[in-house]
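The values are calculated or read from the model by the stated rules, or taken from the named source; none is laboratory data. Since the model is a prediction, treat every value here as computed from it, not as a measurement. When we count neighbours, we look across all protein chains shown, and the Cβ atoms used for this are built from the backbone with ideal geometry, even at glycine. Surface areas here come from the heavy atoms of the whole protein model, side chains and all, with no ligands, DNA or RNA. Shrake-Rupley method; radii C 1.70, N 1.55, O 1.52, S 1.80 Å.
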Amino acid sequence: MKVRTIVYILLVIGIGALIAYRIKSNAEVGASGGRGPSIPTVSGMVLKPQTFKDNISIAGTLEANEQIEIRSEVSGVVESINFKEGSKVSQGQVLLKVNDIELRAQLSKAQTAKKLASENERRAKLLLEKQAISQEEYDIASADYQSASAEAELIEAQLSKTSLRAPFSGTIGLRAISKGTYVTPTTVIAKLVNTDELKITFSVPEKYGSQVKVGTSLTFTTSDSKEEYSATIYAIDPEVDITTRTLRMRAIMDNRANKLYPGAYTSVQLPLETVDNALLVPSEALIPVQNGKKIFILENGKAKEVDVEIGARTGKVVRVLTNLHPGDTILTYGVMALQNGSPVQVVLEEPEPLTQAP
């Protein structure tokens, strides 16, 4: 009997100890829960005004400053070729000579007829003064002289065209004819290209048209080199292309070093404007919402939601136009799960230079 009593007493003591342990554990858990959820840690940066160069990248094409296909204005057999393929030629230099024997014979005949018509006109004038012939007869003689003169001048003009001259200085390309070839005005002899200056033709979206002026300087690179070149806009089309909604422009560059060739593809960096006190934020700090964008700033230890309007962007940064001020601490990374008014711990980071390269 006494043993059974002792067992019951021990059992009661064990159960009581277990209950006391669970009560203590629950109390500790409750105390821990009362301190609330842990405060998230996010990255942030202090906004500082920066100089921002708003550039757009556009594809363009290099073109020769002047370029023509050399053709003869008269038909005939090529008598001589006075240039070397791929060489430099000067304006006015004789490039080609077409055989002119027939034209010289025609000119001799025309000059003889002109001389005879001139003498007839002189005699008719003397006779008219003596009233030996009528005014009508003199007018006929005068018209014959003028017609003969015009015929001689026409043949002289054709004769001068048998010497084909360079219309401007440049580099002449590969020729398509040989000495003895019969050429006509449709025969392409060679190409003449002036590459001392090159044109860059490109198209700008119409929304940027008002921001680009004649005289604007730009930079560009080509597909075969990372070297950066400069050019200046000298002409802008007067109307927008209704198909592409773009405005064509043309810039010119100095190519006397002959580093570039016409026809090459170019990547143009066109500056639109320079803002001295722009507020730039990393793209990751912006959160898209239904009506635009929002960003979180730090205010009294809490995340504050701010609606913003944005402007130009680059690959890394965006210019914010409204509701931010110099000195504001913006939250940059780890912001997607934040809510307005949430307590946060901020690790400030020194921002890298965010200004877009010129």
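See the values below:
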| read-out | value |
| --- | --- |
| Number of the condition not met by THR232 [criteria: (1) closer than 30 Å to VAL346 by Cα; (2) part of a strand (DSSP E or B); (3) not aliphatic (A, V, I, L, M)] | (1) |
| VAL46 vs. criteria touching a Leu at 6+ places or on another chain (Cβ under 9 Å) and buried (at least 18 other Cβ atoms within 10 Å of the Cβ) | no |
| Hits in segment 92-133 - residues which are β-branched (Val, Ile, Thr) and assigned to a helix (DSSP H, G or I) | ILE101, THR112 |
| Inter-residue pairs, beta-carbon under 6 Å, first among the β-branched types (Val, Ile, Thr) and in segment 196-224, second surrounded by fewer than 16 Cβ atoms within 10 Å (Cβ to Cβ), 6+ apart | THR201/THR61; THR219/GLU228; THR219/SER230; THR221/GLU228; THR221/SER267 |
| Tally, over segment 166-192, of residues that are crowded, with 19+ Cβ neighbours inside 10 Å and β-branched (Val, Ile, Thr) | 3 |
| Of the criteria (1) over 30 Å from LYS207 (Cβ atoms); (2) open to solvent by 50 Å² or more (accessible area, probe 1.4 Å); (3) in a loop (DSSP other than H, G, I, E, B); (4) in contact (Cβ under 8 Å) with a residue 40 or more places away in the chain, which one PHE83 fails | (2) |
| Within segment 70-80, tally of residues that are in a loop (DSSP other than H, G, I, E, B) and open to solvent by 70 Å² or more (accessible area, probe 1.4 Å) | 2 |
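Conditions tested, residue by residue: (1) touching a Leu at 6+ places or on another chain (Cβ under 6 Å); (2) open to solvent by less than 50 Å² (accessible area, probe 1.4 Å).
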{"residue": "SER223", "(1), (2)": "no, no"}
{"residue": "ALA231", "(1), (2)": "yes, yes"}
{"residue": "ALA264", "(1), (2)": "yes, yes"}
{"residue": "ALA278", "(1), (2)": "no, yes"}
